[in-house]
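The structure appears right after this line, and notes come after that.
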Amino acid sequence: MSDAITPPLRLTADACVRALDARDARFDGLFFVGITSTHIYCRPVCPARIAHPEHRRFFNTAAAAEGAGYRPCLRCRPELAPGHALVDAVSRLARVAAYRIGAGALNGRSVARLADELGVSERHLRRALERAIGVSPLELAQTHRLLLAKRLLADTALPVTRIAYASGFQSLRRFNTVFRERYRMSPSTLRRGPRLVRGGGRDTLAREAGIEHDLFRLTLAYRAPFAWDEMLAGLARHTTPGVDVVQDGCYGRTVELGRRRGVVFVGNAPGGSQLNVEISASLLPALMPLLARLRQMFDLDAEPALVDEHLRQGGLGALVTRHPGLRVTGALDGFDVALRTLLGGAAARQRVTRTLGERIDSGIPALTHLSPGANRVAEAGVARLRTLGVIPRSARAIVSIAGAVAGGTLALDPGSDAETALSALRGTDGVNERLATLIVMRGLGWPDAFPAADLALKRAAGVSATGELRALAERWRPWRAYAAHHLWLADTIDSLACRPVSAA
């Protein structure tokens, strides 16, 4: 069978062969290989014996492999492979649609409704996805459901019925039928005993509180290297007391998705190039969107080798060498980012949260409240925020953004269009270019966001004018957000930060 596929490979077939023969982990998730003699598809890091060249067929995505009739390998488990970065060469529509489908947008909902939300016709959406990814929206959604179900079956002791619904299937009967048809085995074949994560910081939070029995564990893969300590430091600077906490190498926070509430804890397992994630059982019905948001929050779909090399060539070699694998710090909720950014200090964030955020019984003293949602903030109004010590200009901006988000005229959820959001934020009284860019950078995970007016960036880059920094940053496109994180880090901890990086 030919190596050629439609759409064309992001890598050449020869490059795929070299990466496969070397089992190069840097290419994990960038392509998959189908074995024509067994009709199984694998990751390039699969420990199984490499098939003969004429028995290989390469695919860009797991969905494309499954669409061609291949089933996932039980050894390398393609569902654990890192995903594609948001800067991949696909259309903006296909990128946003694929993200939403991966987050469960078609679970119990129609393609027509998703197309309407994206402002296009159903036919146009189907054509965009098939041209960019090689499968239809429904096929992509089914692949996501099955791969998530496979993970839960293999890695948790959750009942099969709960797994079926958590994976987006509308009935247990439909789940069993599709699983057998696609994978030629029953779901019970994959059942194993429960596995608990030890370490990663969880022991000092959930375990001491005695709530570990209410949590289930999954892992989220990434491409090494990963500057985990720097990621935690960035998160620690933005924590809101009562909502999230960084402790002993672990990040924990309260979560609300729809009507589901709970807590999530994230720790690093560097030896396995994955994060250990523990989630409240109460959040199981919202698992698909939660996992998608966690990947965005920790920037797990980045390709650090590619980004770091690009920044080296752009004059940031010394900074990249000190902190390889630096990621863009994201967030679970875009409005929460806007609120934190405009409130400023931790004291103001805590006052607003304790007044407007709902209490949650997490069992952990450090996690007591949910972050205030857009509806509650909009209802509170400017006057109420001012009584909590928020300066008038910021109070007006916060309430304006809250009203736009609550009314559906501004989308700050991960996967939303960054340019549209940035334009709307720029037009909000009290939100300057720097603040708007910071909100989009973190809230939407925009990899090319760059607040050129930021004073710390200017100091680290050794320039004084915004225009000069903006011109310098052109060489860092399309990953200027990563460059910004390197410069911020240099300004914070490096005594040599004032030396112009452009001299490299």
Output the residues belonging to the stretch 478-504 that are at pLDDT below 95 and of a type in the set (Ser, Thr, Tyr). Thr492, Ser495, Ser502
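A quick yes/no check of all residues on (1) touching a Phe, Trp or Tyr at 6+ places or on another chain (Cβ under 8 Å); (2) not β-branched (Val, Ile, Thr):
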| residue | (1), (2) |
| --- | --- |
| Val277 | yes, no |
| Pro289 | no, yes |
| Arg293 | no, yes |
| Pro304 | yes, yes |
| Gly317 | no, yes |
Of everything in the stretch 46-58, what is open to solvent by 40 Å² or more (accessible area, probe 1.4 Å) and either among the acidic types (Asp, Glu) or not in a strand (DSSP E or B) (or both)? Give them in sequence order. Pro47, Arg49, Ile50, His52, Pro53, Glu54, His55
When residues of the stretch 385-397 are filtered for being without any contact (Cβ under 8 Å) to a residue 24 or more places away in the chain and open to solvent by 40 Å² or more (accessible area, probe 1.4 Å), how many remain? 4
Checking Ala406 against (1) buried (at least 19 other Cβ atoms within 10 Å of the Cβ); (2) of a type in the set (A, V, I, L, M, F, W, C); (3) within 25 Å of the chain's Cα centre (by Cα); (4) part of a helix (DSSP H, G or I), which test does it fail? (1)
State whether one or more residues within the stretch 361-374 are modelled with pLDDT of 95 or more, open to solvent by 20 Å² or more (accessible area, probe 1.4 Å) and touching a Gly at 6+ places or on another chain (Cβ under 7 Å). yes
Only one of (1) small (Gly, Ala, Ser); (2) free of Cβ contacts under 8 Å to residues at least 24 places away in the same chain; (3) open to solvent by less than 10 Å² (accessible area, probe 1.4 Å) is not met by Gly267, so which one is it? (2)
For the stretch 416-441, which positions are without any contact (Cβ under 8 Å) to a residue 12 or more places away in the chain and either aliphatic (A, V, I, L, M) or assigned to a loop (DSSP other than H, G, I, E, B) (or both)? Gly427
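Residues are listed down the side, and each one gets a yes or a no for (1) more than 15 Å from Phe335 (Cβ to Cβ); (2) buried (at least 22 other Cβ atoms within 10 Å of the Cβ); (3) not small (Gly, Ala, Ser):
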position	(1), (2), (3)
Leu410	no, yes, yes
Ala421	no, yes, no
Thr428	no, no, yes
Arg442	no, yes, yes
Checking Gly272, Gly242, Gly252 in turn, the sole residue that is touching a strand residue (DSSP E or B) at 6+ places or on another chain (Cβ under 9 Å) and within 23 Å of Ala166 (Cα to Cα) turns out to be Gly252
Would you confirm, using the coordinates I've provided, whether Glu303 is in contact (Cβ under 8 Å) with a residue 40 or more places away in the chain and crowded, with 23+ Cβ neighbours inside 10 Å? no
With respect to the numbered conditions (1) within 19 Å of Arg293 (Cα to Cα); (2) open to solvent by less than 30 Å² (accessible area, probe 1.4 Å), which one is the sole condition not fulfilled by Val135? (1)
Given the conditions (1) open to solvent by 20 Å² or more (accessible area, probe 1.4 Å); (2) touching a helix residue (DSSP H, G or I) at 6+ places or on another chain (Cβ under 9 Å); (3) on the phi < 0 side of the Ramachandran plot, report the number of the one that Leu332 does not fulfil. (1)
Answer yes if at least one residue in the stretch 178-192 is modelled with pLDDT under 90, among the basic types (Lys, Arg) and within 21 Å of the chain's Cα centre (by Cα), and no otherwise. no
All but one of (1) open to solvent by 50 Å² or more (accessible area, probe 1.4 Å); (2) without any contact (Cβ under 8 Å) to a residue 24 or more places away in the chain hold for Ser400; state the number of the condition that does not hold. (2)
What tally of residues in the stretch 166-181 results from selecting those that are surrounded by fewer than 17 Cβ atoms within 10 Å (Cβ to Cβ) and of a type outside the set (Asp, Glu)? 9
Given the condition basic (Lys, Arg), open to solvent by less than 30 Å² (accessible area, probe 1.4 Å) and either modelled with pLDDT of 95 or more or in a helix (DSSP H, G or I) (or both), answer yes or no: does some residue in the stretch 453-470 qualify? yes
Within the stretch 366-373, identify whether any single residue is under 17 Å from the mean Cα position of the chain (by Cα) and not small (Gly, Ala, Ser), and answer yes or no. no
Neighbours by Cβ (under 7 Å, 6+ apart or cross-chain): first from the stretch 367-382, closer than 20 Å to Gly252 by Cβ and of a type outside the set (Lys, Arg); second part of a loop (DSSP other than H, G, I, E, B) and open to solvent by 20 Å² or more (accessible area, probe 1.4 Å): His369/Glu358; Leu370/Glu358; Ser371/Asp333
Could you please find all residues in the stretch 99-121 being more than 20 Å from Leu410 (Cα to Cα) and loosely packed, with under 15 Cβ neighbours inside 10 Å? Gly108, Arg109, Ser110, Ala112, Ser121
Looking at the stretch 221-236, I want the residues that are closer than 13 Å to Met297 by Cα and have a partner that is of a type in the set (Gly, Ala, Ser) and open to solvent by 10 Å² or more (accessible area, probe 1.4 Å) with Cβ atoms under 8 Å, at least 6 apart or on another chain. Which pairs are those? Tyr222/Ser273; Trp228/Gly249; Leu232/Gly249
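The values are calculated or read from the model by the stated rules, or taken from the named source; none is laboratory data. From a predicted model like this one, the values you see are computed outputs, not experimental measurements. Counting neighbours? That spans all protein chains shown, and the Cβs are built from the backbone with ideal geometry, glycine included. Just the protein is used for accessible areas: all its heavy atoms, side chains included, with ligands, DNA and RNA removed. Shrake-Rupley method; radii C 1.70, N 1.55, O 1.52, S 1.80 Å.
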